[in-house]
Amino acid sequence: MWRPLADLLLGRRTQGRPPSGNGASSFHLGWLDLPPAREVSVELEVVRPPAVDRLYFWALQASFAPDGGGGHLGLQWNPRHGGARAVNWGGYESGGSILAGTPSTLVSTVEDPNTRTWPWEPGRRYRLRIHRSRQPGWWSGEVTDLVTGAATHVRQLGGGGELLTDILVWSEVFADCDAPSVAVRWSRPRALLPDGRIVSPSAYVCRYQGFQHGGCTNTDSRADEVGIVQVTNTERTNPVGSRLGP
C-alpha cells in the first residue's frame with residue numbers, strides 16, 4: 001500500500017499490513033525486578049475484541065532456566081478455530097526448534113498440538129498460569145475462568161530447566177495497522193519463588209516492535225485503574241522504555 005513520504009521519513013506506520021518477517025506487529029511488557037520463580041501467573045481480559053479475520057495472540061511468556069528455551073501461554077483470536085477462539089501453550093528451544101509437549105485433552109477444530117479450540121469470552125478475566133509439573137523439566141500451562149472458577153489444563157511442555165525467568169506479557173497482531181482498535185488488559189501479575197514467597201514485579205517496561213523491524217507505530221500500553229491495557233490503532237502515549245505500575 002502507498003504511504004505518504006512523510007510517514008516513511010518519520011518512521012511512522014499506521015496503515016496496512018506489517019511488513020515484518022512473520023507478518024505481525026508485536027508489543028511487550030517486561031516484568032522488572034523479579035527473581036527466578038517456580039511459577040508465574042497473570043490475569044488477562046479481552047476488553048475490546050478483534051473485528052477482522054486475522055490472528056491476534058495475547059500471551060504470558062517465560063524462559064526456562066538454566067536451559068535457555070522458553071514458552072508462551074495465552075489466548076488467541078484465531079479464524080482457523082471454532083468461533084475464532086483458541087488457547088495456546090507452546091515454545092522453542094534456545095536453538096529455535098519447537099519444544100515437545102504432551103497431547104492436549106482439549107477438543108479442537110484444527111489439529112495443532114500447540115493451539116487448541118477454547119471458548120473464551122470478551123469482557124471476562126482469565127488467569128494464565130505456568131508452573132512446574134511433577135516430572136522434572138516439564139511445565140504445565142493452565143487457564144482459569146475467574147467467573148466460574150474452572151481451571152483448564154492445556155497440556156505440559158518439555159522446556160527443561162528448574163526455574164522461570166525473563167517474564168513478560170505481549171500482544172502479537174497479524175492484522176493491518178489500521179484495523180479496528182483492539183484492547184486487552186493485564187492485571188495481578190504474580191510469581192511463586194522457590195522459598196514460597198509470592199511476589200509481583202516492581203513495574204512493567206514498555207517494548208514495541210520497531211518501525212525498522214516492520215512494527216506498527218500506533219500501538220500503546222497504558223495504565224488504568226485495574227491494570228495495564230495494550231491497545232492497537234491508537235495514539236502512542238508511552239514510548240519504548242516507559243515504566244508502568246503492575
When the chain is treated as a GNM, springs tying every alpha-carbon pair under 10 Å, which of THR14, THR148, THR117 comes out with the largest mean-square fluctuation?
THR148
Taking r as the C-beta separation of GLU225 and ASP178 and R0 as 35 Å, the FRET efficiency to the nearest 0.05 is 0.80
Which order results if CYS177, CYS206, CYS216 are arranged by neighbouring Cβ count within 10 Å, fewest first?
CYS177, CYS206, CYS216
Please name which of LEU244, LEU193, ILE98 has its Cα lying farthest along the dipole of the chain towards the positive end, using unit charges on Cβ (Lys, Arg +1; Asp, Glu -1) and the Cα centre as origin.
LEU244
Here the tail fraction of P(r) beyond 26 Å, over all Cα-Cα pairs of segment 51-207, rounds in percent to 26 percent
Which of SER242, SER25 has the fewest Cβ neighbours within 10 Å, and the rest in rising order
SER242, SER25
At each listed q (0.12, 0.21 Å⁻¹), what is the log10 of I(q)/I(0) that the Debye formula gives for segment 1-138 modelled as equal alpha-carbon point scatterers?
-0.62, -1.43
Would you kindly derive the ³J(HN,Hα) couplings of segment 43-52 from the backbone phi angles with the Karplus curve 6.51 cos²θ - 1.76 cosθ + 1.60 (θ = phi - 60°), listing them in order in whole Hz, with x for Gly and Pro?
9, 10, 10, 7, 6, 10, x, x, 10, 10
Using Cβ contacts closer than 10 Å as the measure, can you line up LEU106, LEU157 from fewest to most?
LEU106, LEU157
Other-chain or far-sequence residues with amide H under 5 Å of ASP178's (modelled H):
GLY16
Size of electric dipole in segment 82-184: Cβ of Lys, Arg +1 and of Asp, Glu -1, about Cα centre, debye, nearest 20
500 debye
Taking the Cα centre of the chain as origin, work out the dipole magnitude from +1 charges on Lys and Arg Cβ and -1 charges on Asp and Glu Cβ, in debye rounded to 20.
180 debye
Segment 205-246-segment 115-161 distance, computed between alpha-carbon centres (Å)
26 Å
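Where a number appears in this text, it was derived from the coordinates with a stated rule and is not lab data. Please read these numbers as outputs of a predicted model, since none were measured by experiment. Please note: Cβ atoms are built from the backbone with ideal geometry, for glycine as well, and neighbour counts cover all protein chains shown.
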